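All remarks here apply to the structure that follows.
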Amino acid sequence: MAQDSPTSAPVTLHELRTRLREAGAGPLHEHRILRLWSNALPRESGRRLPSTFFPASLLAAMPDIEAQLASLASIHTVEKAEDGSERLLIALNDGQTVESVLLPRGGLCVSSQVGCAVGCRFCMTGRDGLLRQVGSAEIVAQVALARARRSVRKIVFMGMGEPAHNLDNVIEAIELLGTAGGIGHKNLVFSTVGDPRVFDRLLQASVRPALAVSLHTTKIDLRAELLPRAARLTPEQLVDAAERYARTTGYPIQYQWTLLDGVNDGNDEIEGLVSLLSGKYGVLNLIPFNVVADTPYGRPSWERCRQMAAQLHRRGILTKLRNSAGQDVEGGCGQLRARATQAGEL
Ligand code: SF4
């Protein structure tokens, strides 16, 4: 193996697998190395067990490969919240940064893009547009860094970026995490604003994740205003496509609804939700907005959020009222990165 510098770290799993094969790895060696890395386990001696015997060329290359994997991503800062969540600002090899959040009860939220092209009005990440894609190996590196801190049993693609706009990398990462990474398939959650390409591609994947769909409103005009560059699907088209996915996979859809004071928390939206989601295989997550500086949006009172959840529940819509994890460390997506940039740390 050539003495590569850290800048040549493989940002995709395809590149990483190619390097391993060039170094003499067979499928079992490859699986073992990817399993140890993605689970943040210490490497054992490859020579001890006959079934995992590493060829001499691979053993010789391993220090180099491990250095490259370690150079993919590192933790820049950690902010801890009272609920036990930890927001990690992750520095990638080229100096860009993304956020990962360790959630209570073994969850991890990872980022799939640096920035985002969707430009949701209430999101800090969307403000600067898309800066670059996050490679599949960089996604797995976020998991490895998190697992070095604590156990991770569920991974949600709800950090920075729209996974549907980086499908190849996200699917490649999901396929690894659902196999060598040891995460149950329904505990891999692909979160999307809704893109027609997503539903078919995910069904073809060898590891099918669960799906979270950002709905936010039942009104087509308001949706276009709040999510200006999301695919132009009506809420009905979106729910129809999601319902087909749910029935095929057997995983209920998580419909995401960021509650914005006076915008989408009215009785008209309750009526819209009842007609849109009645009988559908899914759960509605109401998430009170985590206030971001310089946005016109506010957080509804907890009482209003509770009333809305209770009314929906009474009308037959399975509804959960969530508190955004990590809120007391400025838990909104992209805020930690934005603050570090403003402070000149990046
Ligand atoms: Fe992108 Fe998600 Fe932010 Fe919308 S909420 S701009 S999809 S990162």
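No lab work stands behind these numbers, since they all come straight from the coordinates. Keep in mind that what you see is a predicted model, and the values were worked out from it rather than measured. Every residue, glycine among them, receives a Cβ derived from its backbone with ideal geometry; neighbour counts consider all protein chains shown.
Observations on the structure shown:
- Matching option when the condition is touching a residue at least 40 places away in the same chain (Cβ under 8 Å) and either surrounded by fewer than 24 Cβ atoms within 10 Å (Cβ to Cβ) or of a type in the set (Lys, Arg) (or both), among Ala137, Ala148: Ala148
- Looking only at segment 149-173, and only at residues there that are polar (S, T, N, Q) and more than 11 Å from Gly107 (Cα to Cα), the one that is nearest to the ligand (Cβ to nearest atom): Asn166
- Of the helices (runs of 4 or more DSSP H) that lie entirely inside segment 183-302, those containing 1 or more residues that are within 16 Å of the ligand (Cβ to nearest atom) and of a type outside the set (Asp, Glu) span 196-204, 220-226, 235-249.
- Scan segment 99-142 for residues that are within 25 Å of Glu175 (Cα to Cα), within 16 Å of the ligand (Cβ to nearest atom) and part of a helix (DSSP H, G or I) and the total you get is 2.
- Check on Ala242, in contact (Cβ under 8 Å) with a residue 40 or more places away in the chain, touching a His at 6+ places or on another chain (Cβ under 9 Å) and small (Gly, Ala, Ser): no
- Enumeration of residues in segment 78-98 that are surrounded by 16 or more Cβ atoms within 10 Å (Cβ to Cβ) and part of a strand (DSSP E or B): Glu79, Glu86, Arg87, Leu88, Leu89, Ile90, Ala91, Leu92, Thr97, Val98
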